[in-house]
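*Asks:* I'd like to ask some things about the structure below.
The values are calculated or read from the model by the stated rules, or taken from the named source; none is laboratory data. These numbers were taken from a predicted model, which means no experiment stands behind them. Don't worry about glycine lacking a Cβ; one is built from the backbone with ideal geometry, like all the others, and counts go over all protein chains shown. Side chains are part of the model used for accessible areas, which takes the heavy atoms of the whole protein and leaves out ligands, DNA and RNA. Shrake-Rupley method; radii C 1.70, N 1.55, O 1.52, S 1.80 Å.
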Amino acid sequence: MNNKEVDKNIRLYSKYYRNALINENVNDIEKCMASYEARLKRMYNSEEFGKHNVYPSTNVSFVYAVIAMCLELKEKGYADDKIVTMVEKGMEDCWSTFVKILRVIDRFSFCFPIVRLWNKSDHADRVKDGSITYDNFKLGKDKVEYYISKCMYVEIFSSYGIRPLCKIFCNTDRIAYSGLTRHVEFVRHSDLSDGEACFDEIIRK
């Protein structure tokens with residue numbers, strides 16, 4: 001990214017970290033924000049970012065922004081479970097609008113076919129750019145099932161020594177499907193943040 005893009009992304013994602021700090025009543029918020037923004041800028045300008053930012057289906061800029069939040073909070077002594085909660089709470093506004101849209105879709109009988117199409121398209125994009133390795137992907141009429149053994153979200157978090165905190169991204173599926181409850185059942189058996197595989201079933205009710 002050029003300097004203009006770096007600054008734009010920092011402005012875009014910093015608000016989520018600020019929300020997390022405000023929600024936790026952290027002191028010296030401006031000092032914390034300056035530290036976060038400086039860290040994220042260094043990370044965006046690193047060789048690692050260039051190596052990771054090669055997957056069109058993955059918003060690596062956002063991934064790095066969340067990793068920077070996690071690293072800042074770990075340095076402050078927060079436990080992993082608390083960091084996950086804080087970051088998710090900080091991004092709550094971002095997800096709430098999306099979940100509201102899904103709840104509208106959930107009212108209609110064609111909800112599951114749409115979800116099925118989303119999964120089909122996402123699978124194709126991930127396989128094409130190599131960001132996710134599917135050991136199994138079944139696209140049935142009434143159920144979508146997949147088993148993932150490698151995911152670049154988790155790999156990027158692992159490269160910074162904080163694999164368990166990728167739970168923040170693993171949980172986005174749960175958040176999304178929380179808006180689809182009338183016609184769709186989402187079953188997560190395991191994810192890669194703390195397990196050997198991401199194994200999900202999406203079932204037509």
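*Asks:* Taking 19 Å as the cut-off for C-alpha to C-alpha distance, list the pairs among K100/K143; K8/K89; K120/K143; K41/K167; K51/K82; K89/K143 that go past it. List each step's numbers first, then the result.
*Replies:* Working: K100/K143 23 Å; K8/K89 22 Å; K120/K143 12 Å; K41/K167 23 Å; K51/K82 30 Å; K89/K143 31 Å.
Flagged as over cut-off: K100/K143; K8/K89; K41/K167; K51/K82; K89/K143.
*Asks:* Work through the residues other than D7 whose Cβ is under 12 Å from its Cβ and net out their charges, Lys, Arg +1 and Asp, Glu -1.
*Replies:* Working: positive: K4, K8, R11, K41; negative: E5, E37.
So the surrounding residues net to +2.
*Asks:* Less than 14 Å Cβ to Cβ from F199, Lys/Arg counted +1 and Asp/Glu -1: what total charge do the surrounding residues give?
*Replies:* Overall, the nearby charge balance is -3.
*Asks:* Let me ask you something else. What does the C-alpha gyration tensor say about the overall shape of the chain? Classify as rounded when a/c is under 1.5, otherwise prolate if a/b is larger than b/c, or oblate. Write down the numbers at each step before the final one.
*Replies:* Values: a/c = 1.94, a/b = 1.56, b/c = 1.25.
The shape class here is prolate.
*Asks:* OK, next. Going from most exposed to least, what order do T85, T172, T133 have by accessible area with a 1.4 Å probe?
*Replies:* Values: T85 80, T172 30, T133 60 Å².
Ranked from most to least accessible, the order is T85, T133, T172.
*Asks:* Kindly report the accessible area of the range 159-205 per residue (heavy atoms of protein chains, probe 1.4 Å, no ligands, DNA or RNA), in Å². Write out the running numbers ahead of the final one.
*Replies:* On the way: 2130 Å² over 47 residues.
Accessible area per residue: 45 Å².
*Asks:* Would you work out what percent of the accessible area of the chain, with all protein chains in place, is carbon or sulfur (probe 1.4 Å)?
*Replies:* 49
*Asks:* Per residue, how large is the accessible surface of the range 11-130? Use a 1.4 angstrom probe and give square angstrom.
*Replies:* Working: 6730 Å² over 120 residues.
Per residue, the range 11-130 has 56 Å² of solvent-accessible surface.
*Asks:* From Cα pairs below 8 angstrom and at least 6 apart in sequence, can you work out the relative contact order of the chain, rounded to a whole percent? Each step should come with its number before you reach the end.
*Replies:* Details: 249 pairs, mean separation 38.7, N = 205.
Reported relative contact order: 19 percent.
*Asks:* For the chain, return all DSSP H helices satisfying: extent of Cα atoms along own axis at least 27 Å; mean Kyte-Doolittle hydropathy at least 1.0. Write out the running numbers ahead of the final one.
*Replies:* Details: long enough: 3-23 (30 Å, -1.13); 111-129 (28 Å, -0.71).
Membrane-span-like by this rule: not one helix.
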